[in-house]
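> Encoded as structure tokens, here's the structure I'll be asking about.
The values are calculated or read from the model by the stated rules, or taken from the named source; none is laboratory data. The shown structure was predicted, so the numbers you read here are calculated from the model rather than taken from an experiment. Here the Cβ positions follow ideal geometry from the backbone for every residue, glycine too, while neighbour counts run over all protein chains shown. Quick note on the areas: whole protein, heavy atoms, side chains included, nothing else; ligands and nucleic acids left out. Shrake-Rupley method; radii C 1.70, N 1.55, O 1.52, S 1.80 Å.
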Amino acid sequence: MAQDESRQSPAAPAAGASVPDGEARIVLDPSGAGRRTWNEPDLAAILAAAGMMAPEVGVDFIARALDAAGTDAMGPMTCRLLLCLGTFHLRLGAVAPAEAAFARGLAMALEMPDRLLAGRFLHQNSVIAWQAGDHGRAVERAIEGLVSSLDALHADAIARKGGGFAHRPDEPIQQMQWLAQMFAALRHWDAAESLQVLLRESCEARNDLPLLVEVLATHAAIALAAGRRAAADASVARAVWSGRIAGMDVARLLAARGLRVTLAAPKDCAIESNCEGRAALEESLIAQYRQIALGLLADRLLLGDEPSEGAWRQAFTSLRGPERPGPANDAEKDFLASQDEFQDEFQDEFQDEIFQQVASGAITRVRPADLLTRAIRIDGVEIPCWQEGTINRHLAEIGSSLRLFIVGSDVVRAVHLLSMLGHAPEEPATPALFILGRIAPMTTLGKACLFDFVTEYAVSPHLNPDSPGLHDRGRVVLRRPLVARLLAREESCRKQPEAGGGPPSQAAEARRILDDLMAGTNPGISREDIIGNGLLGHELGHVEQVFPAGSGGLFSSWHAVTRDDICRFAQMPRRLDEIAAAFRRNFHGLDGPERYPAFLRSFPPGDSPAEYPLDLILERMCADRLLRVLPDGRYHFAGFIGH
């Protein structure tokens, strides 16, 4: 990572200090956002109890827990307890005992080896070095720790991508924040801004609006201190808008960083859009990702990797479908319903066309590794094609329902940052599994990020064509086009008479189970919803394995994401019952009243539908002037200009 030595100051501010009044403040916070935990299931009870204790009580509590853990053979658990113990000592200002705890833990982590834990101990060593005034060692240890954590994330994803790819470690966001803050305090502006860009991308990919606002505010302070006024103003504007959507006290956040802004009404600070401009951007993105999908398909064919019938169907239905998003219409529904006709009517013709274009060079070959450096264009600006967070946030801010989902995008960010730090992996993970499509109103379900694809416009040929649902570390995907195909097959089987004299077929048994469900406690539920609930329930089970009940999820605020979704849904005036129906699963879960208490227990304390019911969220959004109630009682969000 390049550093501009000419911009260094003779003496960097001490930890917690700020530059003089009237200038942007670079505030160093070793705890990061202060809300995130390490999310370790085996220590959830201990860490939760310790987090509510005064430091002096916590030291004794963790020391007794260490005694109970026994010898060093306990490995990872002992390391995590030592991490807790050292952190409590630091809060008390007891540096020597903290260093001793961290040194013991680091030695154990390196011996196991556990590079993720080693990275966390090195991070704490960096904090101690900075507080002691040894800024060079602080930066050195921070980089060493960040590389260790990123290596662990990447290596785990590569090793387990055949089975447990969705359960890889979390991104080291706290460590990235700390290093960026130190770079800024030392006036290494380019290095600080590079890290801030990746932090922003991570927040956007997680749909974490509160953390995004903090990152944007910090970036504005860094840019202003570096004399980059335009970049600072742009970050402040986005922080104001995103904070307003999330219901945050943005003025306080900005003031803490020496920034001032006049908070205008939403119509004055919204990111402007219009129907034609939005449609042009959507069509451009669809065309660009279809080119990538075709290039990846060409690569498979040139390698002699013949796609399955399902993969050919997936390619056809995504590449030959509608060229722009829009409300569901009869033509689109007819196209989706015709998927099962693919084999008889289109397979030979479509395959021949693809083979001819590949042979003639009309389709440019794209290898998965090429995607690490391939760029796409948004409004004339080139960005890496794997930056789904930046792309999706831009689409959300102009009111679009188009979204990009990339499996393992956090691992690709790790690869990029490792390369920036001079430690590029020899065989890096690639962003070769993706879907670009139109989503339903909800983008959160419980504490999971939700991609509920109604239509798919570009799909990677490497993605499983037969899986209507998937989980990617706290992010859940539901593919309704595949659900529709399952239902079409079921209906086709239903119309075929059963052969007598033998046991019922699997199709008949499936119909019987489905009919029983339809006759159950929810007579108004559709077959699509039944299958969707089953798929989502299965994937949410994986989310609970990664983020146990009562802990935080991938983002820090469920109700902030819900407010964002309601803004997009209410671009067209909506009745209360329409909003309630569109967000039913988000507020009531999947399984009805009897399972509602368990659904609530999955949320972290203080941020669930119990504390934020729909009527309260709507009331506060009206008070924040995000929504207005029309004379006929409908709710309308006018923030996206032109709608």
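> Please state which one of Gly408, Gly422, Gly446 is farther than 29 Å from Trp241 by Cβ, open to solvent by less than 10 Å² (accessible area, probe 1.4 Å) and touching a residue at least 12 places away in the same chain (Cβ under 8 Å).
After applying the criteria, what remains is Gly408.
> Separate question: When the stretch 206-233 is examined, which residues are found to be open to solvent by 10 Å² or more (accessible area, probe 1.4 Å) and either touching a Pro at 6+ places or on another chain (Cβ under 8 Å) or closer than 25 Å to Ser556 by Cα (or both)?
Asn207, Pro210, Glu214, Thr218, His219 - these are the residues of the stretch 206-233 that are open to solvent by 10 Å² or more (accessible area, probe 1.4 Å) and either touching a Pro at 6+ places or on another chain (Cβ under 8 Å) or closer than 25 Å to Ser556 by Cα (or both).
> Then there is this: Please determine whether any residue of the stretch 454-466 is open to solvent by less than 10 Å² (accessible area, probe 1.4 Å), outside any loop (DSSP other than H, G, I, E, B) and closer than 30 Å to His588 by Cβ.
yes
> I'd like to check which helices (runs of 4 or more DSSP H) are fully inside the stretch 237-305 and have at least 1 residues that are surrounded by fewer than 22 Cβ atoms within 10 Å (Cβ to Cβ) and at pLDDT 90 or above.
275-302
> Just to be sure I understand, how many residues within the stretch 306-321 are of a type in the set (Asp, Glu) and not in a loop (DSSP other than H, G, I, E, B)?
1
> Taking Phe637 as the residue in question, decide whether it is open to solvent by less than 50 Å² (accessible area, probe 1.4 Å), within 12 Å of Gly446 (Cβ to Cβ) and of a type in the set (A, V, I, L, M, F, W, C).
For Phe637, the condition - open to solvent by less than 50 Å² (accessible area, probe 1.4 Å), within 12 Å of Gly446 (Cβ to Cβ) and of a type in the set (A, V, I, L, M, F, W, C) - is not met.
> Quick one: in the stretch 50-90, which of the residues that are in a helix (DSSP H, G or I), of a type in the set (Gly, Ala, Ser) and surrounded by fewer than 13 Cβ atoms within 10 Å (Cβ to Cβ) is modelled with the highest pLDDT?
For the stretch 50-90, the residue satisfying everything is Ala68.
> Please go through the stretch 133-185 and pick out each residue that is modelled with pLDDT of 90 or more, surrounded by fewer than 20 Cβ atoms within 10 Å (Cβ to Cβ) and closer than 17 Å to Glu426 by Cα.
Scanning the stretch 133-185 gives a single hit, Asp151.
Residues checked against (1) buried (at least 22 other Cβ atoms within 10 Å of the Cβ); (2) among the aromatic types (Phe, Trp, Tyr); (3) at pLDDT below 95:
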{"site": "Gln356", "(1), (2), (3)": "no, no, yes"}
{"site": "Pro368", "(1), (2), (3)": "no, no, no"}
{"site": "Ala375", "(1), (2), (3)": "no, no, no"}
{"site": "Pro384", "(1), (2), (3)": "no, no, no"}
{"site": "Pro431", "(1), (2), (3)": "yes, no, yes"}
